[in-house]
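The values are calculated or read from the model by the stated rules, or taken from the named source; none is laboratory data. This one's a predicted model, so the numbers in the text were calculated from it and none came from an experiment. FYI the Cβ positions are ideal-geometry reconstructions off the backbone, even for glycines, and counts take in every protein chain you see. All accessible areas refer to the heavy atoms of the entire protein, side chains included, with ligands and DNA or RNA removed. Shrake-Rupley method; radii C 1.70, N 1.55, O 1.52, S 1.80 Å.
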Amino acid sequence: MTTAIELAGVTKTYRTKQGDVPSLRPVDLAIKRGEVVAIVGPSGCGKSTLLKLVAGLLPASGGAVQVNGAAVTKPHRDVGIVFQQALLLPWRSVLRNVMMPVEVKRLPEAEYLQRAHALLKMTGLSGFADKSPWQLSGGMQQRVAICRALVHDPEILLMDEPFGALDALTRETMNLDLLRIQAETGKTILLITHSIPEAVFVADRVLVMSERPGAIVASYEVDLPRPRNLDMMGDPRFAELARQVRTHFHTQGHLD
Amino acid sequence: MISRVSAVAKPVLFLLLLIALWDLSIRVFHVPPYLIPAPLDVIQVLIADWPDLFAQSVPTLSATLLGFVASAVIGIPLALLIVSSKTVEDYVYPLLVFSQSVPKVAIAPLFVVWFGFGLVPKVISAFLLGMFPVVVSAVQGLKSVDSDLLDLARGMEADRWQIFRMVSLPSAAPAIFAGLKVSVTLTVVGAVVGEFVGGNGGLGFVLQRSIGNFELPTMFAALVLLALIGVVLFWLVEWVEKLAIPWHSSQQKSFNQGS
């Protein structure tokens, strides 16, 4: 398998009037194509910074960020991003929100319109294409955001605490949906999350980050079989993995 | 439909009540007509002098509308410049605020000297009063665009123009319309100020002439027409707002229902 995302000695320091604030210590990371990697870490540890570096939204202070072998210096078309908030534009219908990247990137409208409809169908939103965002529940809005991130068919899906604003039951459903979408599309996923069970349930590999300035302090392979189902959360292997991940936070402090 | 009728009927009812109070106080306190005219006298003047009053409304309305259009056409791009360039903000914005503290009545005669007695000085006076609220609210609206939304657009490889067109401008539209609504009522005032100092026509001129001649009913009739112009223009802007950003009010409605 080829490498989708590669970070070599990547650091990030924010320059402020009060002086330099280091956000990331040197991070080395390689994510294979089709792999699902979850990053857990305390608030302000630089997880979101890491994701923005991969997206090309921020320049690295040191080291090299590569996506599909090409150096990342600015936003590029190999990624789709889902944020914690759905960030749907209220003046656009659901379908027009999904089609926004197609408009921005000036891709052929007709071809991608079909793709948008297919994505909405896959996420159970077929009947909602012409609705306005505010007519949808929080979970449905986040599904639209996922469709929007996937519409231009990027190889990589970057997700920054995508289900953090949802209630626990909706969150479980969304985790199952994400697994299904990943199985159907084979996308590489980098998921940033606060939830240890979510990380273990969804990912092939869970990375643990330290407090700011962040660094990757541990990596766990999740050997649970796919397709996964909610019953696996009762599996002893699941419980053991979650426990191991959790020990990092008891020695460090809290997740929040 | 019933609620829409009552929405119009409520202020009208209140206005009728105020007029009744006005009439009543004049009778009870024996206010002489050279201080405050009775409502009926004003209405009589409105009817009797209607052709003249209507003719005088036309230049005032023209100056107001032109001043308002200029406020929007110059104010919104100016706000955009202020928001997109720190240099422009540092140099221009304070001067703009400074220009607002200069009383327009004091400098209005200058425009007469420069541009004569025609429409131009009135339009400039209306524009000077009307532009400021447009700039201030547009700057505020454009500055408070959600930074996550900007990240989202940048992440899609959107260029500056696309970000402005697809994200910033619609996000700022409610604030811009709020500024336009304040502006449209102020441009009426600006036009009248222009007519005060250098006019031989317009409702501002009628106001001055009737005060000079102690024709208080005529003066009040002109005030009524000015108020009407202000209200109608305000409604027009509100109507355009509803057409231009329907998502704004409907979203608010559903949020209110949700809570």
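Each eigenvalue of the Cα gyration tensor of chain A, multiplied by 5 and square-rooted, gives one semi-axis; in descending order these are 29, 23, 17 Å. Across A:VAL151, A:VAL21, A:VAL102, mean-square fluctuation computed from a Gaussian network of chain A (C-alpha pairs under 10 Å connected) peaks at A:VAL21. Between B:ILE74, B:LEU207, B:LEU243, whose Cα lies farthest towards the positive end of the dipole of the stretch B:38-244 when Lys and Arg beta carbons carry +1 and Asp and Glu beta carbons carry -1, centred on the Cα centre? Selected residue: B:ILE74. For the residues of A:132-139, the average number of beta carbons from a partner chain within 10 Å of their own beta carbon is 2. Springs between alpha-carbon pairs under 10 angstrom, Gaussian network model over chain A: which of A:THR123, A:THR170, A:THR16 fluctuates most? Looking only at A:THR123, A:THR170, A:THR16, the biggest GNM fluctuation is shown by A:THR16. The distance between label points at B:VAL92 and B:VAL58 comes to 3.7 nm (points 7 Å beyond Cα on the Cα→Cβ vector). Applying the Karplus relation 6.51 cos²θ - 1.76 cosθ + 1.60 with θ = phi - 60° to the stretch B:66-73 yields 3J(HN,Hα) values of 5, x, 5, 4, 4, 4, 6, 5 Hz, where x marks Gly and Pro.
When +1 charges are put on Lys and Arg Cβ atoms and -1 charges on Asp and Glu Cβ atoms, the dipole computed for the protein assembly as shown relative to its Cα centre reaches about 240 debye. The stretch A:99-159 and the stretch B:155-210 have Cα centres spaced 38 Å apart. Springs between Cα atoms under 10 Å define the GNM used for chain B, and in it the highest mean-square fluctuation of B:SER147, B:SER125, B:SER183 occurs at B:SER147. Backbone geometry of the stretch B:205-215 corresponds, through the Karplus equation with coefficients 6.51, -1.76 and 1.60 at θ = phi - 60°, to 3J(HN,Hα) couplings of 5, 4, 4, 5, 4, 6, 5, x, 9, 6, 8 Hz, x marking Gly and Pro.
Run the accessible area of the protein assembly as shown with a 1.4 Å probe and give the carbon-and-sulfur part as a rounded percent.
The nonpolar share, carbon plus sulfur, comes to 65 percent.
Only the Cβ atoms of Lys and Arg (+1) and of Asp and Glu (-1) were treated as charged; on that basis the dipole of chain A about its Cα centre amounts to roughly 640 debye. Sorting the segments B:113-120, B:8-15 by their residues' average number of neighbouring beta-carbon atoms within 10 angstrom, most packed first, yields B:113-120, B:8-15.
The orientation-averaged projection of the convex hull spanning the C-alpha atoms of the stretch B:38-244 amounts to 13.5 square nanometres. In whole Hz, what ³J(HN,Hα) sequence does the stretch A:104-119 give by Karplus (6.51, -1.76, 1.60; θ = phi - 60°), x for Gly and Pro? In residue order, the calculated couplings are 4, 7, 6, 8, x, 4, 4, 4, 7, 4, 4, 5, 4, 5, 5, 5 Hz. The mean sequence distance of close C-alpha pairs (under 8 Å, at least 6 residues apart), as a share of the length of the stretch A:197-255, puts its relative contact order at 32 percent. Buried area at the A:B interface is about 2000 square angstrom, summed over both chains, from accessible surfaces computed with a 1.4 angstrom probe. Think of the stretch B:125-259 as a dipole: +1 on every Lys or Arg Cβ, -1 on every Asp or Glu Cβ, centred on the Cα centre; then among B:GLY194, B:GLY130, B:VAL145, B:GLY194 lies furthest on the positive end.
Could you give the size of the charge dipole of chain B about its Cα centre, using +1 on the Cβ of each K and R and -1 on the Cβ of each D and E, expressed in debye and rounded to the nearest 20?
Working: 14 positive and 15 negative charges, 37 e Å.
With only Lys, Arg, Asp and Glu charged at Cβ, the dipole is about 180 debye.
Helix content alone sets the calculated 222 nm mean residue ellipticity of chain A: runs of n ≥ 4 DSSP H residues at -39500 (n - 2.57) each, divided across all residues, give -10500 deg cm²/dmol. Counting pairs of alpha carbon atoms under 8 Å apart in space and at least six apart in sequence, what relative contact order in percent does chain B give? Computed value for chain B: 25 percent relative contact order. Shielding value for A:82-91 is 5, the average number of Cβ atoms from other chains within 10 Å of each residue's Cβ.
Work from the charge dipole of the stretch B:38-244 (Cβ charges, +1 for Lys and Arg, -1 for Asp and Glu, about the Cα centre) and give the residue of B:VAL167, B:VAL184, B:VAL113 farthest towards its positive end. Farthest towards the positive end: B:VAL113. Going from the chain on its own to the full set of protein chains, the stretch B:113-155 has these residues losing 20 Å² or more of accessible surface (heavy atoms, 1.4 Å probe, no ligands, DNA or RNA): B:ASP148, B:LEU149, B:ASP151, B:LEU152, B:ARG154, B:GLY155. Label sites at B:TRP114 and A:THR73, each approximated as a point 7 angstrom past Cα along Cα to Cβ, lie 4.8 nm apart. Legend: residues A:LYS12, A:LYS121, sorted from most to least accessible area (1.4 Å probe; ligands, DNA and RNA excluded), read A:LYS121, A:LYS12.
For chain A, the per residue solvent-accessible surface stands at 42 Å², with DNA, RNA and ligands left out and a 1.4 Å probe. A convex hull fitted to the Cα coordinates of the stretch A:107-256 yields 136 cubic angstrom per residue.
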